[in-house]
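Step one of this worksheet: look at the structure below.
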Amino acid sequence: MVSRKEAAAAFTAAAKALDVRGKELGDLCFALSKLSGEELEVFPIDGDNEAIVEFMRSVKASAAGLGMGSAAGAALIQPTHMPFVRIFTMFASVVRSLSGDADAAAGLGVGSAPRDVVLERLEKLEETLGEKIREENLQLEEKLKLELGEKIREENLQLEKLKLKLGEELGEIQEEIRDQSQFVRVLMQGDITATSSKDSTPYRENAFRYYGYSASPKTVKCMVTGKDMPAASIKAGHIFRQGWNRGYLPLLGVTSVHDPRNIILVRTEVETAFDRFEVAIIPQNEGYQGSALGWRGEIVSLWLAKGPYSALEKLSDPLIMQIYVLKKSLLDNPREKYIGTGDAAKLDTLQWEDVHKKYLHVAGDNLPARRLLAFHAHHAVKYAVSAGWQEPGEVIVSQAGWASPGYDRDLMRKLAAAGCCWSSITNITSMTLALAAHHRSQHCCCFDGLLLQKGEL
């Protein structure tokens, strides 16, 4: 498409060559200033002078039919309209090139004034137009400032709401921290000993129903061996023993020692071994592979190698319950290796090594309370070390057992993705404590005096 400047230059040259003068020249210049995009597309820029002038005469005739010579048409190019800037610039260019032509000046409405008068009027028009443009720019600037200010206020309001929400969520995490701190003290100070438990009908029936059976089933699956057995051969064993200090129960997620979540359904021999701390059930995350570092060590290693987000993803692995035979003679001694009688004729030849490091078998959708299992496992491992069955650190109770069921993993991911400076955190419990420290101090890496020492859990 031909530009207006090119069209003006071509027409000026053609008008001079064909000696176009007077009012006609002024009318044609005006028509030139009003060329539409479609007309510029067909402007005969490569044509001869006659073609260019004739083209402009036809455009002028069309414009006259639309009333462009009337007052209404003239109003379209008042300085209040932005297109006037381009029109005026082109007028000025043409008039300056033809300013020595009095007839052309008359056609543009300036009478037969000499060149200086024409230029003076053009300068005044330029000055007036420039002032108008400045005023409009100032008005536009003020409008943009107002709109921007309103947008900033809205964004600040949203930030305040987000801040309040995060404050509430961090407050909940602080509550969890206090809860877990109490839990740690229970683990460290509790006087827990191996005991035996007694079965009773009411909580036994409740446990059957909780794990997906009727109140009086014929057969029940042993959670440790995975074998279906007559219900009479199954014990409803307590994880947290009836003789222990029940004041600890609320910290472990239950209020009654007979809560079905505190019950495991196992054959008599398994229940006896469980009560004696010879066997433990340790909650693990599914991704845990039992490395020498333990589950916590795996998380720390993953944190250091790939960053906090990867470690937090590991934390959200599905929970599993892993069986550990802590008394090694049950695995090594031929006289102790059978769970039952070892009678092949009765098909009772299952051995302790068959269940060691295997997973808990549950008939329905419900599981025992993981904090209760972790609590039992912690003291079972402690007892096994004192009895000489295990070396210190040989079996580690996974951190997965301590986490609160309501713990907000999504918030942890958000904070990790936000780039908080947590690279110095050395154990998993510290992640939660770090959040509270961050909330109180308003900056990261302010965890002095808050980190739990290794080996506390």
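FYI, it's all coordinate maths here, none of it is from the lab. These figures come from a predicted structure and were not determined experimentally. Glycine also receives a Cβ, built like all others from the backbone with ideal geometry; neighbour counts cover every protein chain displayed.
Under 24 Å between alpha carbons, and skipping anything fewer than 8 positions from K235 in its own chain: which lysines qualify? Once the sequence-local lysines are set aside, what remains near K235 is K198, K218, K221, K227, K327, K328, K337, K346, K357, K358.
Measuring r between the beta carbons of T201 and L166 and using R0 = 45 Å, the FRET efficiency lands at 0.35. The modelled label-to-label distance for the pair M229/L331, using points 7 Å beyond Cα in the direction of Cβ, is 2.2 nm. Sorting 370-380, 264-274, 214-224, 384-394 by average packing, meaning the other beta carbons within 10 Å per residue, from highest down gives 370-380, 264-274, 214-224, 384-394. Working from label points 7 Å from Cα in the Cα-to-Cβ sense, the L148 to E120 distance is 4.3 nm. For the pair A363 and L140, the difference between a 0.36 nm per residue extended length and the Cα-Cα distance amounts to 73.0 nm. Subtracting the Cα-Cα distance of A13 and A345 from 0.36 nm times their residue separation leaves 107.5 nm of extension gain. Quick one: if the Förster radius is 45 Å, what FRET efficiency do E54 and N156 give, using the C-beta to C-beta distance and rounding to 0.05? Step by step, r from the Cβ atoms, then E = 0.10. Judged by the mean number of other Cβ atoms found within 10 Å, the most tightly packed of the peptides 145-153, 13-21 leads the ranking 13-21, 145-153. Full extension of the segment from T219 to K132, taken as 0.36 nm per residue of separation minus the current Cα-Cα distance, would add 21.8 nm.
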